[in-house]
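Please read the structure below before turning to the comments.
The values are calculated or read from the model by the stated rules, or taken from the named source; none is laboratory data. Keep in mind it's a predicted model, so treat the numbers as computed, not measured. In this analysis, Cβ positions are derived from the backbone assuming ideal geometry, glycine residues included, and neighbour counts consider all displayed protein chains. Remember, those area values only see protein heavy atoms, side chains included, never the ligands or the DNA or RNA. Shrake-Rupley method; radii C 1.70, N 1.55, O 1.52, S 1.80 Å.
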Amino acid sequence: MSELLRVEELVAGYGPAVVLTGVSFKLEEGESLALLGRNGTGKTTLINSLVGVTTYKSGRIVFDGKDIARTPVESRAALGLGWVPQERNIFRSLSVEENLTATARPGTWTLERVYELFPRLAERKTNMGNQLSGGEQQMLAVARALMLNPRLLLLDEPLEGLAPIIVDELMGVLHRVVSEEGLSAIIVEQKARKILNETDKAIILDRGSVIHESASRDLLADDAMLSSHLGVAQGAARPGA
Ligand SMILES: Nc1ncnc2c1ncn2[C@@H]1O[C@H](COP(=O)(O)OP(=O)(O)OP(=O)(O)O)[C@@H](O)[C@H]1O
């Protein structure tokens, strides 16, 4: 495996406010990372800093061998970052199919493959973005990011606010794309146990810095760490925890 991403002592925030106070971690090609932490610890700010929509202060973001810390946001997608923001940002006045093709880049993820992955989107391909349910919008946001054919998929709380049946459907998709097909991914998620089962490694943020880094399976077995830093109740088999 070769290194895909190396973040070194990243300091970033919003305007004069510093949120990330020196974040460092690495990701190999084909690896997936669970980005965990309580509310307000800087998870979204870290994803947003990788994409380039925060105020960069110092440190390095080395992606595929190149320091992109000062690369403009509009160039980062072309370098291979596929972003699914918390607020989804789908084009509400475009159809499902137009959403998928508007920003697509050539590669293995085609309309055909994305429709096979999300049959609901195929059924609704002529519907406008604003006619979709929350779950369908989230599927569209993930599908649109795949159509960018990214080297690294960044998912910010993809399961938040979704009905359990949609959560299961999206988890199935993540399992296939990340675990089976080996697309590199960073996934922010409140449901720690659920996502630790699908990822290779995990970091926990607290007050803008990394306070824990390990294999996901090791964190899954560490009840003390899960309860003290993530508020996850003890016991290995708590569904949804
Ligand atoms: N646009 C902004 N301008 C200024 N401060 C912000 C902005 N967005 C977030 N913050 C602050 O940055 C800190 C980290 O927020 P962030 O959204 O990164 O945390 P998070 O770990 O993703 O939390 P959550 O799980 O609630 O989404 C918080 O103190 C928040 O108030």
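Quick one: Ser24 ticks every box in (1) within 16 Å of the ligand (Cβ to nearest atom); (2) surrounded by fewer than 19 Cβ atoms within 10 Å (Cβ to Cβ); (3) among the hydroxyl-bearing types (Ser, Thr, Tyr); (4) within 25 Å of Leu226 (Cα to Cα) except a single one, so which number is it?
The failed condition is (1).
Scanning the range 47-87 for residues that are charged (D, E, K, R) and within 16 Å of the ligand (Cβ to nearest atom), which turns out surrounded by the most Cβ atoms within 10 Å (Cβ to Cβ)?
For the range 47-87, the residue satisfying everything is Lys57.
In this structure, does Ile211 turn out to be closer than 21 Å to His229 by Cβ, within 15 Å of the ligand (Cβ to nearest atom) and surrounded by 19 or more Cβ atoms within 10 Å (Cβ to Cβ)?
The answer is no for Ile211.
Only one of Thr71, Thr45, Thr41 is among the polar types (S, T, N, Q) and farther than 25 Å from Ala215 by Cβ. Can you tell me which?
Only one candidate passes the filter, namely Thr71.
Could you list all residues from the range 177-208 that are open to solvent by 50 Å² or more (accessible area, probe 1.4 Å) and among the small types (Gly, Ala, Ser)?
Across the range 177-208, the qualifying residue is only Ser179.
Inside the range 160-175, can you point out the residues that are touching a residue at least 40 places away in the same chain (Cβ under 8 Å) and open to solvent by less than 60 Å² (accessible area, probe 1.4 Å)?
Once the filter is applied, which keeps residues that are touching a residue at least 40 places away in the same chain (Cβ under 8 Å) and open to solvent by less than 60 Å² (accessible area, probe 1.4 Å), the range 160-175 yields only Val173.
In the set Thr55, Thr44, which member is modelled with pLDDT of 95 or more, more than 18 Å from the chain's Cα centre (by Cα) and among the hydroxyl-bearing types (Ser, Thr, Tyr)?
None of the other options fit; the residue is Thr55.
Go through (1) surrounded by 16 or more Cβ atoms within 10 Å (Cβ to Cβ); (2) at pLDDT below 95; (3) away from the ligand (no atom under 16 Å from the Cβ); (4) closer than 22 Å to Ala202 by Cα one by one and return the number of the condition Met1 breaks.
(1)
Mind checking which residues of the range 31-46 are touching a residue at least 12 places away in the same chain (Cβ under 8 Å), more than 20 Å from Arg60 (Cβ to Cβ) and either part of a strand (DSSP E or B) or open to solvent by 30 Å² or more (accessible area, probe 1.4 Å) (or both)?
Hits for the range 31-46 are Ser32, Ala34, Leu36, Arg38, Thr44.
Ile90 fails exactly one of the following numbered conditions: (1) open to solvent by 60 Å² or more (accessible area, probe 1.4 Å); (2) at pLDDT below 95. What is the number of that condition?
If we test Ile90 against (1) open to solvent by 60 Å² or more (accessible area, probe 1.4 Å); (2) at pLDDT below 95, just (1) comes out false.
Enumerate the helices (runs of 4 or more DSSP H) found wholly within the range 102-213, keeping only those where 2 or more residues are among the polar types (S, T, N, Q) and within 23 Å of Thr45 (Cα to Cα).
Correct list: 134-147.
Limited to the range 1-30, what total is found for residues that are within 19 Å of Leu79 (Cβ to Cβ), in a loop (DSSP other than H, G, I, E, B) and touching a residue at least 40 places away in the same chain (Cβ under 8 Å)?
Adding up the residues that qualify gives 2.
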